[in-house]
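Asks: Here you go, one structure.
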Amino acid sequence: MKVRTLFLSDIHLGTRGCQAERLLEFLRHYEAEHLYLVGDIIDFWSMSRSIYWTSAQNTVVQKILRRARHGEKVMLIPGNHDELLREYDGTSFGEIKVANEHVHIAADGRRYLVIHGDQYDQVTRYHRWVAKLGDAGYDFLVRANGMLSLARRTLRRPGYWSLAGYVKRKVKHAVSFVFDFEDSLIHAVRERGLDGVVCGHIHFAAIKDVDGITYINCGDWVDSCTAIVEHMDGRMELIHAGDVEVKTPIAANDEKIADLAAMLEVEAPQKTTRRRRQPHSSQSR
């Protein structure tokens, strides 16, 4: 199916939780003119503890690079788990443009801020150690979920069920955090005079209109396996993977980029010398 734009976030390549096989099936089903990778594509946080890289994850990277070579406009918006890429704002990486944020103009003329969203997460911004601890706990839930999935298949239970997603929906503070995060982004977009926002970060897929502002969250490819599709008329749709019919710890930041570039057989980008722009005052077009 040909669509105008695909938005993917929180793939978390390099982790056991990454559901690369399901993402590959999704990518086979959709072609697009634009592809946005909305942060946490490669999980350097987790890879600093241990690396889990499968052939399917490698194929995901190769598929994306091939799309870029064949004319699809691919843009990477770094998140907090791949934040070291923010130092390369404005440069290209294997024909993939890196931008800390971007304003996407949809086919119907509506303007959407595309940003990972961790900049509006108070825990990630001001209590980094808490975020790291929560990330380790999330990894534990993902591993436990793998064992539960095996048990469900053995018992022939249909469908996919996520332990981590269930915990997020049931824990009161987690639900409150989601609403606070959404409100912060909606307020920021309204102040900029834009029509909406496309983000990721919280692994909670959604499309909603709040007083004229459209809030869109891509979800993730660990729990929900969701993406956002812009159709040719500008209509935005949340797609679940289940709805698609299918046919070594790395040391320094610069070494991570160089090693990744060597693995993918592309040229590593050069850092720009201009100062990094703050999220609340920048937008690339």
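Asks: How about segment 41-77: which of its residues are part of a strand (DSSP E or B) and either closer than 17 Å to Arg28 by Cβ or touching a Ser or Thr at 6+ places or on another chain (Cβ under 7 Å) (or both)?
Replies: Residue satisfying the conditions is Val74 alone.
Asks: Could you list, ordered by first residue, the pairs with Cβ atoms under 8 Å in which the first is in segment 2-26 and of a type in the set (Asp, Glu) and the second is not in a loop (DSSP other than H, G, I, E, B), at least 6 apart or interchain?
Replies: Hits for this filter: Glu21/Ala56; Glu25/Ala241.
Asks: Additional query: Filter segment 91-122 down to residues that are charged (D, E, K, R) and farther than 27 Å from Phe179 by Cα and give me whichever is surrounded by the fewest Cβ atoms within 10 Å (Cβ to Cβ).
Replies: Out of the qualifying residues, it is Asp108.
Asks: From Gly109, Gly79, grab the single residue that is closer than 23 Å to Ser46 by Cα and either at pLDDT 95 or above or in contact with a His (Cβ under 7 Å, 6 or more places away or on another chain) (or both).
Replies: Values: Gly109 fails: closer than 23 Å to Ser46 by Cα.
Criteria check complete, one pass: Gly79.
Asks: So which of Val222, Val266, Val229 ends up being surrounded by 16 or more Cβ atoms within 10 Å (Cβ to Cβ), farther than 23 Å from Gln119 by Cα and modelled with pLDDT under 95?
Replies: Val266
Asks: Scan segment 78-93 for residues that are under 18 Å from Gly200 (Cβ atoms) and part of a helix (DSSP H, G or I) and jot them down.
Replies: Glu83, Leu84, Leu85, Arg86
Asks: Surrounded by fewer than 23 Cβ atoms within 10 Å (Cβ to Cβ) and of a type in the set (Ser, Thr, Tyr): is that true of Ser48 in this structure?
Replies: Working: surrounded by fewer than 23 Cβ atoms within 10 Å (Cβ to Cβ): yes; of a type in the set (Ser, Thr, Tyr): yes.
Yes; evaluated as a whole, the condition is true for this residue.
Asks: Could you run through segment 57-88 and say how many residues are more than 25 Å from Gly17 (Cβ to Cβ) and under 17 Å from the mean Cα position of the chain (by Cα)?
Replies: Qualifying residue count, segment 57-88: 1.
The values are calculated or read from the model by the stated rules, or taken from the named source; none is laboratory data. All of these numbers come straight from a predicted model, not from anything done at the bench. Reconstructed Cβ throughout: ideal geometry from the backbone, glycine too, with neighbour counts over all protein chains shown.
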